[in-house]
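Structure first, commentary second.
The values are calculated or read from the model by the stated rules, or taken from the named source; none is laboratory data. Because the structure is a prediction, the values reported are computed rather than measured. Because the Cβ atoms are built from the backbone with ideal geometry, glycine has one as well, and the counts that use them run over all protein chains shown.
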């Protein structure tokens, strides 16, 4: 008797996707396209600020507001469509930092914000990014603190006011006053330094107070 030969499989072998194909697929999904569109707005509001006048300052503030406030849109779409990707986790915080820091650097150029404030903000961001990289290398995740959220709110509002810059008549409940948006913006930016530095200290303390048992549990998870 001759041995029975196995029937050939009719299902074609699935070729594994290359890294380039995976990146292209992630890059072209809706949340990441929105993130890229947010970054594409950076040169637009920078151009308005570079040619500084009352009209251009107002439009720079509007475009910056849209780029900053639309941060929640890509995250919301990613969650409801289950399209949270590795590339998206990299692009989203990158977009947030580029939007804020590019605006602050241009505000230095047009003389609306002190250089030392921007240096402090940049140093804080570099510190937190470095700590998160160290933590990730050990299998740890440092979650965002409440102070960091206050910092972001005050910082973004202050930058928007500094971009507006000029005096505008504003209704404050029962009285109408000429509001100096430059002073409002600087005040909010100075106030943002308090939760900014406090949250940075929390990040440092949070990283160094994790004991060995906690690190082992995270590694085993």
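Is region 66-77 home to any residue that is at pLDDT 95 or above and closer than 20 Å to residue 168 by Cβ?
Taking every residue of region 66-77 in turn, none turns out to be at pLDDT 95 or above and closer than 20 Å to residue 168 by Cβ.
Checking residue 179 against (1) assigned to a strand (DSSP E or B); (2) at pLDDT 90 or above, which test does it fail?
(2)
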